[in-house]
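Comments concern the structure below.
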């Protein structure tokens, strides 16, 4: 039986539809968690309430982690992906709209927790479905296409809150409609896209390598976790840090820099992903991006003015965005058991949720006494360790041109 790398390539139209479906997941949560949820809390409490927001964020992250694992297992055991995606889309859409109808902070917390269940019922089988459909020879360009997710998520957040374009009471309805419009085409037209070769047992050693799959999985998990700690820290404290250098630095400028980074990352991710497919070097771009993350952080730590600081951040943020999108697809290459693909991807999803629990403590311990420079040096070290972990098996793992 031909190996997974020899499976038939997917047509471009399906790659595009799948990338849009994955972006639908980001559109589902980015506007809510970054803008609409804090606004709803302020409406309920009469003012900004950091304690309620922290409670919603923490319990939501816990539920998301558990729900993602359970949803992955369910899609594995049923050997089905699309029905679970549709069920999760329907449930999350209904609960998203219900968030706007919450009448108390406690009700809001419970609704967001329930919404996380529906969202992850959609997201977990969606990413596992990618592993069922896209051969190793397309995983680089798939990862590049996944860079659309954060960019469209940020764009959706801007769209639903732009001026008076959308009435406040219609914003959650619009988000739900956008998610459905992005997710449904891939699910409806992708019925015969699974590849039998990708559902067969995988060899214990990565093709073209001496690295056991189990070892590669552990290194990939830890490498992503370390970069996510650094990326999560910068996402949360970017504005505070910039204002420590320039007290009058405006909010919208920080948002514009963040959006510009995400937009720039899309074509660069596609180029690097395509290069990795053609040359059979799937891990090398990941190691290179992790190294760039470290260099960007060191530039930020040593920045003497705002221009140097922003330049260092742009280097770090673009490298991190490329790393995370390419890593998401190349993880599918190293997972050992197709029959447990949903469960295993859910365990990788912990690298997205656990940093949110680790990063605040690092910030509280370091910044008050040593300043942001010490925090950035620590993040640079974490990114450098990630680069070393990946460089240890960054040799060719596939035949170029497959």
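Every number here is computed from the coordinates shown, using simple stated rules; none is lab data. This one's a predicted model, so the numbers in the text were calculated from it and none came from an experiment. A quick note on method: Cβ atoms are made from the backbone with ideal geometry, for glycine too, and the neighbour counts reach across all protein chains shown.
For the pair residue 339 and residue 308, label points projected 7 Å from Cα toward Cβ lie 5.8 nm apart. Note on residue 181 and residue 245: their simple-model spin labels are 3.7 nm apart, each label 7 Å out from Cα toward Cβ.
Using only the Cα atoms of the chain, build the gyration tensor, take square roots of its eigenvalues as a ≥ b ≥ c, and label the shape rounded, prolate or oblate: rounded if a/c is under 1.5, else prolate if a/b is larger than b/c, else oblate. Verdict is oblate for the chain. Based on DSSP H segments of at least four residues, each scored -39500 (n - 2.57), the chain has a per-residue ellipticity at 222 nm of -26500 deg cm²/dmol. Centre-to-centre, using Cα atoms only, region 106-140 and region 254-331 are separated by 24 Å. A straight chain from residue 107 to residue 162 at 0.36 nm per residue would run longer than the Cα-Cα distance by 17.1 nm. Protection proxy ranking of 312-322, 374-384, 140-150, by the mean of other Cβ atoms within 10 Å over each peptide's residues and highest first, is 140-150, 312-322, 374-384.
Relative contact order of the chain: 27 percent, from C-alpha pairs under 8 Å at least 6 residues apart in sequence.
Shape analysis of region 213-391 based on the Cα gyration tensor places the equivalent ellipsoid semi-axes at 29, 18, 14 Å, largest first. Mind jotting down the distance between the C-alpha centroids of region 35-85 and region 151-195, whole Å? The distance from the Cα centre of region 151-195 to that of region 35-85 comes to 17 Å. Here r is the Cβ-Cβ distance between residue 204 and residue 59 and R0 is 35 Å; the resulting FRET efficiency, rounded to 0.05, is 0.35.
For the peptides 201-207, 162-168, residues were scored by their other Cβ atoms within 10 Å and the scores averaged per peptide; the highest-first order is 201-207, 162-168.
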